[in-house]
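The values are calculated or read from the model by the stated rules, or taken from the named source; none is laboratory data. Nothing here was measured: the structure is a model prediction, and the numbers come from that model. Positions of Cβ are backbone-derived with ideal geometry, glycine not excepted, and every protein chain shown enters the neighbour counts. Protein only, heavy atoms only, side chains kept; ligands, DNA and RNA dropped before computing areas. Shrake-Rupley method; radii C 1.70, N 1.55, O 1.52, S 1.80 Å.
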Amino acid sequence: MIFPNAGYPKSALLLSAHTDDCEIGMGGTIARLVEAGVTIRWLVFCNAWQSLLKGLPKDTLLQEQRAAAASFGISDDNLFIDDIPVRHFPAHRQTILEALVAEARAHPPDLVFCPSLQDRHQDHLTLAQEAERAFKRTTLLGYHLPWNLPHSTQNAHVAIGPTHVDTKLKAVACYKSQAQRPYFQKGAIETLLSAAGIASGHDMAEPFEVIRLQAPL
């Protein structure tokens, strides 16, 4: 378990390939970090307007992402949303790396969260690979988006309490444009949290892949 025995970091950086990634993959953990007073910055590289249902405004996911961040207590000042084309991250690899390196220099975090390196979605995988390059001396944890993980590594867990689950569900519910997707359903989310809890000895938990661990001696 990552928390609380090892203590909380002072700052954390959340990396989302698309709007909604972090909410689905680690929303309960975000709630715990905010609750503990951790300073959080959040970079979202794609607002995925190309994937919206026909007829929805182009800025729909931008507004939903901001509402989700606010539901955690994260202000717009610490949320940054880019517009790299969805499913084209490999072609923008250098741009992504440069943005991550600039962030690391300007606001060096104690802890970084990104998609798992086992994720098969090309956008998620590219972001994870470039995060591994950019944050060579920082603990890096990969969150899980199970529908893209045929072979997952779960070697760390964060225990999630009822209030954290509620906060995660409220954040996910901000994405009304995505409500038709099966992994946005309350039952599916709670089932995944329960399964990770069983694996780690808790009622509910979120699983992570430890990509890099920087621990003081």
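Below is a table of values for the structure above.
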quantity: Area of Leu141 that stays accessible when all protein chains are in place (1.4 Å probe, Å², to 10); calculated: 10 Å²
quantity: Sequence-separation-based contact order of the chain, relative, with Cα cut under 8 Å and 6+ spacing, percent; calculated: 26 percent
quantity: Where only C-alpha atoms are counted, convex hull volume of the stretch 27-126 per residue in Å³; calculated: 119 Å³
quantity: Within a Gaussian network of the chain (alpha carbon springs, distance under 10 Å), most fluctuating of Ala102, Ala12, Ala67; calculated: Ala102
quantity: Cα pair count fraction exceeding 12 Å, expressed as % - the stretch 120-166; calculated: 71 percent
quantity: 15 Å tail of the calculated P(r), the stretch 126-217, as % of Cα pairs; calculated: 67 percent
quantity: Proximal lysines relative to Lys136, as straight alpha-carbon distance under 25 Å, when same-chain residues fewer than 8 apart are discounted; calculated: Lys10
quantity: Long-range tail of P(r) for the stretch 1-85 (Cα pairs > 18 Å, %); calculated: 42 percent
quantity: Listed residues Gln180, Ala102, Leu169: farthest to the positive end of the dipole of the chain (Cβ charges); calculated: Ala102
quantity: Distance from the stretch 39-88 to the stretch 156-175 (C-alpha centre basis), Å; calculated: 18 Å
quantity: Per residue value of the accessible surface for the stretch 77-147 (all protein chains in place, 1.4 Å probe), Å²; calculated: 46 Å²
quantity: Exposed-loop-free span, longest in the chain, where trypsin sites (Lys or Arg not before Pro) count as exposed if DSSP calls them loop and at most 16 other C-beta atoms lie within 10 Å; calculated: 138-217
quantity: For Glu35, solvent-accessible area (1.4 Å; no DNA, RNA or ligand), Å²; calculated: 120 Å²
quantity: Spatially proximal lysines relative to Lys176 (Cα-Cα < 17 Å; intrachain offsets below 8 disregarded); calculated: Lys54, Lys58, Lys168, Lys186
quantity: Debye log10 I(q)/I(0) at q = 0.21 Å⁻¹ for the stretch 61-171, Cα point scatterers; calculated: -1.49
quantity: Heavy-atom accessible area ranking, 1.4 Å probe, most first, across His92, His18, His151; calculated: His151, His92, His18
quantity: Ser177 accessible area, assembled protein chains, probe 1.4 Å, Å²; calculated: 10 Å²
quantity: q = 0.13, 0.24, 0.26 Å⁻¹, the stretch 106-146: log10 I(q)/I(0) [Debye, one scatterer per Cα]; calculated: -0.25, -0.75, -0.84
quantity: Largest-first ordering by accessible area, 1.4 Å probe, given options Tyr8, Tyr143; calculated: Tyr8, Tyr143
